Amino acid sequence: MSETINKPRGTLDFIAKDKKVYDSIRSLLSAYAEKYGAEGIEIPSFEEKKLFVRGVGESSDIVSKEMFGLDVKGEHDYVLRPEFTAGVNRMVIENKLYASPDLPLRFYYCGPVFRFERPQKGRLRQLSQFGIEFFDSKIDIQTTLDALLLFYRAAEELLGHSLILKINFLGSFESRVKYREALKEFYAPKLDSMCEDCHRRYQQNVLRILDCKVPSDVEINKEAPFITDFLTEEDKKELNTIISVLESLNISYKLDPRLVRGLDYYTGLVFELYDPMNMDLGAIGGGGQYGSLMKEIGGPDFEGIGFSYGMERLLLSLDEQRKDALLKNYKGDLDFFVIDLRKEKDTFPIILEDELRSEGYYVSSSSYSKALNGSLKMADRKNASYALIFDDYNPDSVIVKNLKERSQEVVSTSDLDQLVSYLNNHFKK
RNA sequence: GCGGCUAUGGUGAAGCGGUUAACACAACCGGCUGUGAACCGGUCACGCAUGAGUUCGAUCCUCAUUAGCCGCCCCA
């Protein structure tokens, strides 16, 4: 007995309806991004490790443990991409796209990313992300709001109901440094009573303490300073503008002063999106602005803003009704389903199928071994419009059966062109 | 990486240390009628995640491995 081979831990096979829904989500989001002037891009699935380690900042030692390394010969240390942002930045630098007269640059992407983590529901080792990145020498409020609105609106359209938008403003790099110091100062005397993880966070990334789930630490966190107290006047003004736009558009948001995106490159606006019907899934997407990432990886002093959705989480957020609604526009239902019951087969049905396909029809066929009853059931399941039945009771002809109306007629097969034009004339949608 | 729970056909699942591993749905074959529903009859796990062990005997007990789920770490 042969050994069975399973898919690797934390990966998924997309089959049948799920695959169709996945494709539909992807095309809906792409179309939405294009409404905002974004262009699609593709970048490699693996990159030099240092791209991510540098791009990711202080906490990189932890992060690098969660990357999929590629053991390759030679001097290059490659990893499977754990995210798109750094790779898209690299693309902009390498292709000198920053020299474009048409700023801001607006890109969208969709594809797999890889993280070496312990899998759980909605949390895989290979997951797909759809996202955007906008670039400019200085990301202004217009670009910021376009990104934020695209983030909210596209998901709202997809899921068909309002979502929970959490936002926070991390301010400039300087504000960030001051805030970090203030936090350290605040926690220093209390550290003894806090959990082990927080001790480590204190050293590695103080901001993360704010996310601690230990009850006693949660209490302490309530007293912790807010980053909004450390914003410059300019930052505050920008935050207020963003809020006023959200309010005038009736988008309900939650200003969450404890929202800290994981990586250090974020400056300015950060945001996350939750589905109120599926809060246990965690954020279905997140993003923010970053001020110096491009410069850090050897590019010009450009700023960026971007977000990504987790495609699998979006898929999990859709109920069956919503999925069916999405698939309404899916082209793929069969027009013709060929059933050959003759004792002596010939190749006529195959030639006919080829001809019909070149006319633009969707055509499939049944297995020779299947009986008529089973074949019709199959045609029904495939949602085909017509069955073309070849049998020995009607030599040199074919039964053209309208599966929706359950009517049928017998048509001569002596002339292929004539048959095709008959089908064209009678069954063109 | 740490801790916990779980694993039986295409699906949902019952089951017990001992001969044929229930039942239902789906699928397939046949009947009614060579034509999709319903109904009736039949078929469908050489096998209980994988590997080893205990035992006269294991799907059931033990261990390891793999995978899923949940919590933690982390979450780009």
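The values are calculated or read from the model by the stated rules, or taken from the named source; none is laboratory data. The model shown is predicted, which means the values in this text are computed figures rather than measured ones. Virtual Cβ from ideal backbone geometry, glycine too; neighbours counted across all protein chains shown.
Residue selection: A:Glu47 satisfies the criterion of being part of a strand (DSSP E or B), at pLDDT below 95 and either touching a Gly at 6+ places or on another chain (Cβ under 6 Å) or among the charged types (D, E, K, R) (or both). What pairs can you find where one residue is in the range A:299-326 and assigned by TED's automatic domain parsing to the domain that holds A:Asp275, the other is among the acidic types (Asp, Glu), and their Cβ atoms are less than 7 Å apart, with a gap of 6+ or different chains? Pairs found: A:Phe302/A:Asp136; A:Glu303/A:Asp136; A:Gly304/A:Glu133; A:Gly306/A:Glu133; A:Leu315/A:Asp18; A:Ser317/A:Asp275. When you look at A:Gly262, is it in a loop (DSSP other than H, G, I, E, B) and on the phi > 0 side of the Ramachandran plot, yes or no? Judged against the criteria, A:Gly262 is not a match. Hey, does the range A:377-393 have a residue that's farther than 19 Å from A:Lys345 by Cα, exposed (fewer than 12 other Cβ atoms within 10 Å of the Cβ) and more than 6 Å from RNA strand B (Cβ to nearest atom)? Scanning the range A:377-393 turns up at least one residue that is farther than 19 Å from A:Lys345 by Cα, exposed (fewer than 12 other Cβ atoms within 10 Å of the Cβ) and more than 6 Å from RNA strand B (Cβ to nearest atom). Residues that are within 42 Å of the chain's Cα centre (by Cα) and within 15 Å of RNA strand B (Cβ to nearest atom) were ranked within the range A:394-429; the one that is modelled with the lowest pLDDT is A:Phe427. Pick from the range A:101-123 the residues that are in contact with a strand residue (DSSP E or B) (Cβ under 9 Å, 6 or more places away or on another chain) and part of a loop (DSSP other than H, G, I, E, B): which of them is modelled with the lowest pLDDT? Among those residues, the one meeting the criterion is A:Gly122.
One line per residue, one yes/no per condition, for (1) modelled with pLDDT under 85; (2) farther than 14 Å from A:Arg180 by Cβ:
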| site | (1), (2) |
| --- | --- |
| A:Leu210 | no, no |
| A:Pro215 | yes, yes |
| A:Glu219 | no, yes |
| A:Phe230 | no, no |
| A:Asp235 | no, yes |
| A:Ile243 | no, yes |
| A:Glu247 | no, yes |
| A:Tyr253 | no, yes |
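Annotation: of all residues in the range A:327-368 being surrounded by fewer than 19 Cβ atoms within 10 Å (Cβ to Cβ) and aromatic (Phe, Trp, Tyr), the one that is farthest from the chain's Cα centre (by Cα) is A:Phe348. Anything in the range A:124-151 that is in a strand (DSSP E or B), hydrophobic (A, V, I, L, M, F, W, C) and within 14 Å of RNA strand B (Cβ to nearest atom)? List them, or say none. Once the filter is applied, which keeps residues that are in a strand (DSSP E or B), hydrophobic (A, V, I, L, M, F, W, C) and within 14 Å of RNA strand B (Cβ to nearest atom), the range A:124-151 yields A:Leu127, A:Phe130, A:Ile132. For the range A:405-412, the count of residues that are in contact (Cβ under 8 Å) with a residue 24 or more places away in the chain and more than 19 Å from A:Asp335 (Cβ to Cβ) is zero. Restricting attention to the range A:151-175 and to residues that are modelled with pLDDT under 90 and surrounded by 20 or more Cβ atoms within 10 Å (Cβ to Cβ), the residue that is farthest from the chain's Cα centre (by Cα) turns out to be A:Ser175. Close Cβ contacts (under 9 Å, 6 or more residues apart or on different chains) running from residues in the range A:59-74 that are in the same structural domain as A:Leu124 (by TED's automatic domain parsing) and of a type in the set (A, V, I, L, M) to residues that are at pLDDT 70 or above and part of a helix (DSSP H, G or I) comprise A:Ile62/A:Gln204; A:Val63/A:Phe52; A:Val63/A:Val53; A:Met67/A:Lys49; A:Met67/A:Phe52; A:Met67/A:Val53; A:Leu70/A:Lys49. Restricting the range A:70-95 to residues that are assigned to a loop (DSSP other than H, G, I, E, B) and of a type in the set (Lys, Arg) leaves a set whose member that is modelled with the lowest pLDDT is A:Lys73. Evaluate the following for A:Asn373: is it surrounded by 13 or more Cβ atoms within 10 Å (Cβ to Cβ), within 14 Å of RNA strand B (Cβ to nearest atom) and at pLDDT below 95? When the stated conditions are applied, A:Asn373 does not pass them. For the range A:289-313, a residue qualifies if it is within 29 Å of A:Asn278 (Cα to Cα), of a type outside the set (Gly, Ala, Ser) and in contact with a helix residue (DSSP H, G or I) (Cβ under 6 Å, 6 or more places away or on another chain), and the qualifying residues are A:Ile305, A:Phe307, A:Arg313.
Checked against (1) touching a helix residue (DSSP H, G or I) at 6+ places or on another chain (Cβ under 6 Å); (2) within 13 Å of RNA strand B (Cβ to nearest atom), A:Pro257 meets all criteria but (2).
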